[in-house]
Amino acid sequence: MGLLAGAGLFLLIAGLSKGGMGGGDIKLMAVLGLTAGWPLVLVVFLLAFLLGAVVGLFLLLTGKKTRRDPLPFAPFLSLSFIISTLWGLQLWQWYMLYL
């Protein structure tokens, strides 16, 4: 279930973004989804986008990157997976409590 959710979400994003998400990110998320399982794959997904947004915004504000520059997403996926492995259930419970 985690593999299908992880790969499926990223396939959908890749299709809608017309090349904004690479095939490597899709494969990595499929493996992370298989390893993390359901529902922790959603924690990985949400954390990766949150971390990517924070770092991307910081790089934009400091002038190190422009909106046209690519930002690799695999490091955010990897860090999110590590965080979700250590504290994923607590983060999921907290998220569901305030949803």
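The table that follows gives values for the structure above.
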{"read-out": "Pairs with Cβ under 9 Å, 6+ apart, first in the stretch 60-89 and in contact (Cβ under 8 Å) with a residue 24 or more places away in the chain, second outside any helix (DSSP H, G or I) and of a type outside the set (A, V, I, L, M, F, W, C)", "value": "F73/G22; A74/G22; G88/P39"}
{"read-out": "Selected residue (criterion: nearest to T35 (Cα to Cα)) from residues of the stretch 66-99 that are over 15 Å from the mean Cα position of the chain (by Cα) and of a type in the set (S, T, Y)", "value": "Y95"}
{"read-out": "Answer from L77, L3 - the residue that is surrounded by 15 or more Cβ atoms within 10 Å (Cβ to Cβ), in contact with an Asp or Glu (Cβ under 9 Å, 6 or more places away or on another chain) and either under 25 Å from L99 (Cα atoms) or acidic (D, E) (or both)", "value": "L77"}
{"read-out": "Residue count, the stretch 56-99 (criterion: part of a helix (DSSP H, G or I) and closer than 20 Å to G23 by Cβ)", "value": "7"}
{"read-out": "Lone qualifier among L32, L28, L50, L16 - being part of a helix (DSSP H, G or I) and out of contact with any Ser or Thr (no Cβ under 9 Å at 6 or more places or on another chain)", "value": "L16"}
{"read-out": "Residues of the stretch 1-13 satisfying the condition of being touching a residue at least 24 places away in the same chain (Cβ under 8 Å), more than 13 Å from the chain's Cα centre (by Cα) and part of a helix (DSSP H, G or I)", "value": "G2, L3, L4"}
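Every number here is computed from the coordinates shown, using simple stated rules; none is lab data. Fair warning: this is a prediction, and the values are worked out from it, not measured in the lab. Neighbour counts run over all protein chains shown; Cβ positions are idealised from the backbone, glycine included.
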